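In what follows, a single structure is set out as structure tokens and then discussed.
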Amino acid sequence: MTESEVSPLDQIGEIMGNLQSIADLDPSYAKLADSIQSVYYGLQDVQGDLSRQVDTLEYDDGRLDEVEKRLELISQLERKYGADLKAVIAYGAKADAELASMTANDADEEGLEKRVTAEHQALLKLGAQLRSARKHAANQLISAIHGQLKALYMEKTVFSVRFSKLPADTLRSDGIDNVEFYIQTNPGEAAKPLAKIASGGELSRIMLALKTIFAETDGVTSIIFDEVDTGVSGRVAQAIANKISAIARHSQVLCISHLPQVAAMSDHEFLIQKQVAKGRTTTSVTKLDHAGRVQEIARMLAGEQVTKLSVAHASEMLKLAEEAKQQ
């Protein structure tokens, strides 16, 4: 404080002195002088205490910098982990709990390894049980397939199911083996994978045989055959038609076919046609009545030029098919 500056306490002291000089003139002045005197000495005591307290304080640039950095860190945490400090603290508590859980797992690594080993062995045991059940089912399937193939004029075909183990300790959701169907279509030939050696007609009949068996044993309610009669004709085509009709006795069958034998055995026949009009292709599905069926089956038999003979043949096929279904 400069010499020209006067402290509030000095001003109060000056007022106190002035009142004391006129205290003898009026009792009220004396009372005011006493009150101000009490305040003045009280403020002097407070000023002394403050001066001593300030003298004990030290200015620390490093502490100020530390506090500012701390405040900046809190601001960064709030931007990243929560809207306020409370949310940041809650996030930290959750992270601590997750870390504790992971640390506990690491500490129990030996126990986890033992558990994994035990579970692995249990799965291998289940895989072995599944293999045994599959081999038993495969023997039943082989016998049933041979019976079906005989009815489809493939009595010389040998069907088999081969199992090959996966690499040691390998586990898959579908077991511990690779399972593949093999066939030998002609005597003296080696059996080979079904997918690699079967012709279109052979594959169609084998798939029909498989679907027939599965429909009977699995309670299948609907089956779709798409060109299952590809590559066959004559008596084989009729055998396929009879087989599809047999399946239809206990399951709904939708069959897309170009064979008159299959069409004749159907309970309901639909004609699917495509037309191009104004640059767009549309498909129509028309349910055929008896006359329409005769014409369509005749077209299948004769091609584009339908003759009286082909119409008569178509009528005969429908009649024989109906008689066969009644048996």
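Readers should treat all values here as calculations from the given coordinates under stated rules, not as data from a laboratory. Keep in mind that this is a model prediction, so the values were computed, not measured. Cβ placement follows ideal geometry from the backbone for every residue including glycine, while neighbour counts extend to all protein chains displayed.
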Long pairs among LYS135/LYS211; LYS211/LYS319; LYS86/LYS114; LYS135/LYS192, criterion Cα-Cα beyond 30 Å | LYS86/LYS114
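With charges only on Cβ, +1 for K and R and -1 for D and E, what is the dipole size of the chain about its Cα centre, in debye, rounded to 20?
Details: 36 positive and 47 negative charges, 1090 e Å.
That gives a dipole near 5240 debye.
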Positive-end extreme of charge dipole, the chain - chosen from ILE244, VAL285, LEU43 (charges on Cβ) = ILE244
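For the chain, what is the mean residue ellipticity at 222 nm derived from helices alone (per DSSP H run of n ≥ 4: -39500 (n - 2.57); sum divided by total residues; nearest 500 deg cm²/dmol)?
-21500 deg cm²/dmol
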At 4 °C in a medium of viscosity 1.567 mPa s, the chain has a Stokes-Einstein diffusion coefficient, with Rh taken as the Kirkwood radius over alpha carbon pairs, in µm² per second, of 42 µm²/s
Mean Cβ neighbour count within 10 Å, used as a protection proxy, ranking 44-51, 260-267 highest first | 260-267, 44-51
Surface/4 of the Cα convex hull for the stretch 67-107, nm² = 3.4 nm²
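Taking a cut-off of 20 Å, what percent of all Cα-Cα pairs in the stretch 122-198 are separated by more than that?
41 percent
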At q = 0.11 1/Å the base-10 log of I(q)/I(0) from the Debye formula over the alpha-carbon atoms of the stretch 200-327 is -0.41
Please name which of ALA128, ALA23, ALA191 has its Cα lying farthest along the dipole of the chain towards the positive end, using unit charges on Cβ (Lys, Arg +1; Asp, Glu -1) and the Cα centre as origin.
-> ALA191
Please tell me the relative contact order of the chain in percent, rounded to the nearest whole number, where contacts are Cα pairs under 8 Å and at least six residues apart.
-> 7 percent
In a Gaussian network model of the chain with springs linking alpha carbons closer than 10 Å, the residue among LEU208, LEU166, LEU19 that fluctuates most is LEU19
Here the stretch 61-167 gives, from Cα atoms, an Rg and Dmax in Å of 32.6, 102
If you take the charge dipole of the stretch 50-175 about its Cα centre, with +1 on Lys and Arg Cβ and -1 on Asp and Glu Cβ, which of TYR81, LEU141, PHE163 is farthest toward its positive end?
-> LEU141
Cβ-defined net charge surrounding GLY62, 15 Å radius [Lys, Arg +1; Asp, Glu -1] | -3
Charge dipole (debye, nearest 20) of the stretch 1-44; +1 at Cβ of Lys and Arg, -1 at Cβ of Asp and Glu | 180 debye
The simple spin-label model distance between ALA128 and ASP65, using points 7 Å out along Cα→Cβ, in nm, is 7.2 nm
